[in-house]
1. Return a yes/no flag: does segment 369-381 have any residue that is closer than 25 Å to Asp491 by Cα, at pLDDT 95 or above, in contact with a Gly (Cβ under 9 Å, 6 or more places away or on another chain) and open to solvent by less than 10 Å² (accessible area, probe 1.4 Å).
2. May I ask you to list the residues in segment 305-326 that are touching a strand residue (DSSP E or B) at 6+ places or on another chain (Cβ under 8 Å), within 17 Å of Lys120 (Cβ to Cβ) and not acidic (Asp, Glu)?
3. Could you go through segment 85-106 and let me know if any residue there is at pLDDT 95 or above and in contact with a helix residue (DSSP H, G or I) (Cβ under 8 Å, 6 or more places away or on another chain).
4. Restricting to strands (runs of 3 or more DSSP E) lying wholly in segment 135-230: which have 3 or more residues that are open to solvent by 30 Å² or more (accessible area, probe 1.4 Å)?
5. Please find, among Pro495, Pro523, Pro460, the residue that is out of contact with any strand residue (DSSP E or B) (no Cβ under 7 Å at 6 or more places or on another chain), in a strand (DSSP E or B) and either open to solvent by less than 10 Å² (accessible area, probe 1.4 Å) or modelled with pLDDT of 95 or more (or both).
6. Report every pair of residues separated by at least 6 positions or lying on different chains whose Cβ atoms are under 6 Å apart, first residue within segment 155-178 and farther than 11 Å from Ile214 by Cα, second part of a loop (DSSP other than H, G, I, E, B) and among the small types (Gly, Ala, Ser).
7. Return yes when Asp96 is surrounded by 14 or more Cβ atoms within 10 Å (Cβ to Cβ) and touching a residue at least 40 places away in the same chain (Cβ under 8 Å) and no when it is not.
8. So which residues in segment 27-46 are in contact (Cβ under 8 Å) with a residue 60 or more places away in the chain and surrounded by fewer than 17 Cβ atoms within 10 Å (Cβ to Cβ)?
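The values are calculated or read from the model by the stated rules, or taken from the named source; none is laboratory data. What you see is a predicted model; the values in this text were computed from it and never measured. Backbone-built Cβ (ideal geometry, glycine too); neighbour counts: all protein chains shown. These accessible areas exclude ligands, DNA and RNA; they are computed on the full protein's heavy atoms, side chains included. Shrake-Rupley method; radii C 1.70, N 1.55, O 1.52, S 1.80 Å.
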Amino acid sequence: MAQLIPRQVLFGNPERVSPRISPNGVSLAWIAPHNGVLNVWIAPVGADGVDWDSAQVVTNDTDRGIRVFQWAHDGHHLLYLQDTGGDENWRLYDVDLRTMQRRDLTPFEGVQAQILASEKKHPSEVLVGLNRDNPALHDVYSLDLVTGDLVKEVENPGFAGWVADTELVMRVGVELDPDDGTMVIKVRDGADGDWRVLLSLPADDALTSAPMAISGDGRSLLALSSGGADTGRLVRIDLASGAQEVLAEDPDADVSGVRVHPDTREPQIVTWEKERMEYRVLDPSLEADLAAIRALHPGDPDIVAEDHSDMVWLVAFTNDAGPVPYFLYDRQRREGRFLFDHQPELSRYELAPMEPFSYTARDGLTIHGYVTFPPGAGRTGLPMVLNVHGGPWARDIWGFDPEAQWLANRGYLCVQVNFRGSTGYGKAFVNAGDREWGRAMQNDLTDAVAFAVGQGWADPARVAIFGGSYGGYAALAGVAFTPDLYRCAVDIVGPSNLKTLIETIPPYWQPQIALFYRRVGNPETDAEFLWSRSPLSRAASIHTPLLIAQGANDPRVKQAESEQIVAALRDAGIDYEYMLFPDEGHGFAKPSNRLRFYAAAERFLARHLGGRAEE
């Protein structure tokens with residue numbers, strides 16, 4: 001077996017991550033620990049690269065760490081978001097790099113701030129969403145970075161999403177019909193114009209369609225749309241006539257990303273997430289750039305930032321069996337300079353490749369996923385952990401996954417599957433998951449176990465199910481609905497009762513309530529159905545040992561979801577462990593909490609499956 005990788009290396013703070021270049025290209029900012037807490041650092045960039053010796057920390061978070069930040073277009077301010085204890089009531093902060101003055105720009109209790117738009121033609125202005133007046137709706141405010149003043153620009157008429165033009169005028173809003181889930185994209189011609197319908201798509205298209213960007217001339221909208229097709233295509237929609245032009249499509253996958261020119265907003269590179277990322281260049285002037293970037297590293301590149309000249313790019317490479325490397329790419333010279341690995345300690349250990357695979361579900365649907373085998377342990381008769389992704393309207397992708405590496409390093413076959421309802425494979429596939437929580441979606445997971453066993457990879461007597469959020473639900477459903485399939489299960493912030501889950505969603509998810517009613521069920525009209533698909537309803541059938549972990553401040557899956565199933569397990573005398581983190585929300589942001597959880601999970605899995613554990 002390979003050398004044991006310390007949990008600290010896999011789940012502790014990264015050494016450096018999320019680099020961002022300043023608008024003038026002369027400074028680099030990134031996130032790194034300061035006194036054990038993630039903060040934002042900066043250093044100058046010169047002809048010889050980054051002057052790391054001059055790096056300085058510019059924020060002073062001492063608790064949860066900063067994970068999201070950006071440069072303001074004025075080049076003087078760094079903006080970042082932070083919540084309290086995982087409650088997701090994000091506040092917007094800034095630091096003025098000339099004076100190091102720090103401000104709480106949205107000092108409102110129980111209010112969630114969102115950065116909606118910024119634009120280099122308006123360097124001192126940022127559009128911010130705040131649900132200050134109505135908890136269910138984010139109104140649009142203009143923030144003046146010079147004075148800190150907030151002025152409400154648009155009162156939200158019921159939109160779940162927005163798109164601004166290059167003049168920082170909100171021109172597009174997305175509305176989801178609360179009754180049938182129809183997606184309506186509305187537009188207006190200017191700040192004083194009336195909203196009108198540009199495009200209406202049935203609910204079947206809602207998860208494979210979205211507006212993206214208004215062109216630099218303000219006349220057209222780039223959008224993803226599966227209207228008239230199965231997969232989400234990149235289209236251009238004329239804002240005056242509504243006429244559509246298809247710019248890029250693939251019959252097997254939804255467009256997963258589009259790189260647009262920062263000024264013209266014209267699409268330049270389109271990506272599709274298949275087994276790995278696939279690229280198509282729409283702007284011929286970028287062909288040589290992409291070729292030069294791809295020569296830097298064998299991983300899949302992602303252009304994560306650029307300066308105002310668009311001549312300096314920051315590129316990250318998705319990499320399955322090594323740390324994530326970042327490069328500074330000079331477009332004029334077509335040369336890349338290595339910046340850093342996100343966790344260079346990983347390079348000291350043998351990591352495992354993530355291998356794509358597929359199988360046929362019991363009803364004939366093809367399901368795709370990834371397997372990660374433990375290095376040096378062979379490929380037959382292995383203890384297996386089925387690691388189920390959250391969402392469920394998301395997907396697993398190829399790349400560095402600390403959980404997959406952890407499980408493989410401990411001696412387990414890690415299996416990750418994009419069951420029906422997962423995104424990226426077209427609307428028929430995602431819609432096949434409608435009202436199938438605990439049934440066909442769960443059957444896909446059961447069939448994945450049967451496939452791994454049938455291939456000889458997995459020992460059927462040593463299979464666990466593990467997951468967070470929807471994955472936590474799937475873990476609970478697995479031991480409730482198929483009680484003899486799994487030796488043990490790990491549930492992280494997973495709902496146990498679908499009725500109470502939907503009844504207690506955060507108020508700012510209300511504009512998307514039709515998504516839950518259509519795809520999961522309506523608590524008012526489907527109460528019996530939702531109960532039948534809730535693991536809590538079958539708690540008496542559970543005889544599998546469970547580890548359950550919950551954040552006390554989780555706004556999405558409330559603490560009661562874990563408390564309900566824990567009480568039922570306790571009453572039935574079932575073997576369980578329960579970890580409640582008082583300073584966490586939907587997942588574990590603080591390294592000390594993450595490490596405590598994974599230590600417990602590692603001991604739990606080793607006890608029941610026989611894998612390795614770090615002392």
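1. Yes; the residues of segment 369-381 include at least one that is closer than 25 Å to Asp491 by Cα, at pLDDT 95 or above, in contact with a Gly (Cβ under 9 Å, 6 or more places away or on another chain) and open to solvent by less than 10 Å² (accessible area, probe 1.4 Å).
2. Hits for segment 305-326 are Ala305, Met311, Val312, Trp313, Leu314.
3. Checked against the condition, which is being at pLDDT 95 or above and in contact with a helix residue (DSSP H, G or I) (Cβ under 8 Å, 6 or more places away or on another chain), segment 85-106 yields no hits at all.
4. Per the criteria, 150-154, 196-201.
5. Answer to the selection: Pro460.
6. Close Cβ pairs (under 6 Å, with a partner that is part of a loop (DSSP other than H, G, I, E, B) and among the small types (Gly, Ala, Ser)) amount to Val174/Ala160; Glu175/Gly158; Leu176/Ala160.
7. When the stated conditions are applied, Asp96 does not pass them.
8. Matches in segment 27-46: Gly36 only.
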